[in-house]
Amino acid sequence: MSIDRTQALILNRHDFRETSCLVNFYTRDFGKISGLLKGVRTEPTKFASNLELFSQNEIIFYRNTNSGLHLVSQCDLNNNFTGIRQGIIKTAMASFMMELLGALMPAEDKNEEVFDLTSLSLQELEATGNPDKVMTIFKIKMLALSGFKPNFDSCVSCADRISGQSKFSLSLGGLLCPRCYSKDTASRSIFRGTVATILHIERNDFRTNLNLGLNPQIKKELELILNAFLNFHLERELKSQKVLQRLTVTV
């Protein structure tokens, strides 16, 4: 077994037997990994972290080349994102980020950009008074970096450049020009401003995008399209997304 050290976000955790925990991490240097933390339930001070969901930690682990389960010997808390945990909506949003990260990314496939995006998104979510915008930026950039990016640059069917009206096809994963509408009769109309907003977010850095203005109509359509696209391609609605939708209706 080799010994490795890396920054890690906690995706989820589960009790294991009577004394230990299984924790799924997304790490900067190794991608998504599963770790066993022995004795943490009977000796909580054994690790310098409370192992809370979406906290960022530095971990040291023994990499098991014969199994996908690695032994974590040290887990030190770097950022618990306390400001997020003080609000139920922000907590639900951060939980969604972790669930989406776990659903989209394959095991042990390093992607530093995805880790950095998620870490920055949590920092901005903690600091911002506009968490909806952080979530929109995160979803669009996460889809692009994970390889699930919908095609908004040209027609997904004929590859022609789209300069006017278009429709969005969930099943084909992108825009259709008027000549190709028949390729997916379930495709839906989409505002040109929504397409322009998605392309702007894809092409600019996170903090530049935080200054982007979103009118209510574009904001609503972005949420509908992004959520529908994720549900279609993941073949399920994430549990945290259901919770978030209920909260935004009641709060």
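The values are calculated or read from the model by the stated rules, or taken from the named source; none is laboratory data. Keep in mind that what you see is a predicted model, and the values were worked out from it rather than measured. Note: ideal-geometry Cβ built from the backbone for every residue, glycine included; neighbour counts use all protein chains shown. We work out accessible area using only protein heavy atoms, side chains counted, and drop any ligands, DNA or RNA first. Shrake-Rupley method; radii C 1.70, N 1.55, O 1.52, S 1.80 Å.
Mind checking which helices in the chain clear 20 Å along their axis (Cα) and have mean Kyte-Doolittle hydropathy of -1.0 or more, DSSP H runs only? The answer, listed by residue number, is 88-104, 112-127, 131-146, 216-234.
As a fraction of the 1.4 Å probe accessible area of segment 40-84, surface on carbon and sulfur atoms comes out at 45 percent.
Our Cα-only numbers for segment 48-198 put the radius of gyration and Dmax at 19.6, 60 Å.
What's the FRET efficiency of Leu224 with Asn204 using the Cβ-Cβ distance as r and R₀ = 22 Å, to the nearest 0.05?
Details: r = 23 Å, r/R0 = 1.02.
That pair, Leu224 with Asn204, gives E of 0.45.
With each label modelled as a point 7 angstrom along the Cα→C-beta vector, the Leu77-Glu18 pair spans 2.8 nm. Taking all protein chains into account, the per residue accessible area for the chain stands at 49 Å² (1.4 Å probe). Here the relative contact order of the chain, from alpha carbon pairs under 8 Å that lie six or more residues apart, stands at 15 percent. The spacing between segment 168-185 and segment 43-110, judged by their C-alpha centroids, is 39 Å.
With a cut-off of 11 Å between beta carbons, the residues surrounding Thr6 carry a summed charge of 0, where Lys and Arg count +1 and Asp and Glu -1.
Net charge in the neighbourhood of Glu112 (other residues with Cβ under 11 Å of its Cβ; Lys, Arg +1, Asp, Glu -1) is -1.
Helical content alone sets the calculated 222 nm signal of the chain at -12500 deg cm²/dmol, taking -39,500 (n - 2.57) per DSSP H segment of four or more residues and averaging over every residue. Given the pairs Lys46/Lys239; Lys32/Lys167; Lys183/Lys220; Lys219/Lys242, which are separated by over 29 angstrom at their Cα positions? Cα-Cα > 29 Å for Lys46/Lys239; Lys32/Lys167; rest within. Once the C-beta distance of Gln165 and Asp4 is scaled by a Förster radius of 45 Å, the resulting FRET efficiency is 0.30 to the nearest 0.05.
If only the Cβ of Lys and Arg carry +1 and only the Cβ of Asp and Glu carry -1, the dipole of the chain around its Cα centre is close to 620 debye.
Expected output is a single nm value to one decimal: the length gained when fully extending between Ala103 and Thr185, i.e. 0.36 nm times separation in residues minus the C-alpha distance. What is it?
Working: separation 82, 0.36 × 82 = 29.52 nm, distance 2.86 nm.
Separation in residues times 0.36 nm, less the Cα-Cα distance, equals 26.7 nm.
Which one of Leu117, Ile137, Ser154 is farthest out on the positive end of the charge dipole of segment 102-158, using unit charges on Cβ (Lys, Arg +1; Asp, Glu -1) and the Cα centre as origin? The Cα lying farthest towards the positive end belongs to Ser154. Sparsely packed loop sites in segment 137-244 (the trypsin sites (Lys or Arg not before Pro) outside DSSP H, G, I, E and B with at most 14 other Cβ atoms within 10 Å) comprise Arg236. I'd like the carbon and sulfur percentage of the solvent accessible area for segment 125-251, probe radius 1.4 Å, heavy atoms only, ligands and nucleic acids excluded. Reported share for carbon and sulfur atoms: 50 percent. Among Asp76, Asp116, Asp15, the sequence by solvent-accessible area, most first, with a 1.4 Å probe is Asp15, Asp116, Asp76.
For segment 49-177, a crude dipole built from +1 on the beta carbon of Lys and Arg and -1 on the beta carbon of Asp and Glu, taken about the Cα centre, is about 400 debye to the nearest 20.
For segment 113-156, backbone nitrogen atoms closer than 11 Å to the point 7 Å from Phe232 Cα along Cα-to-C-beta are found at 150-151.
Across segment 164-180, rounded Karplus estimates of 3J(HN,Hα) from the backbone phi angles (6.51 cos²θ - 1.76 cosθ + 1.60, θ = phi - 60°) give x, 6, 7, 10, 10, 10, 5, 5, 8, x, x, 7, 10, 6, x, 5, 10 Hz, Gly and Pro being marked x.
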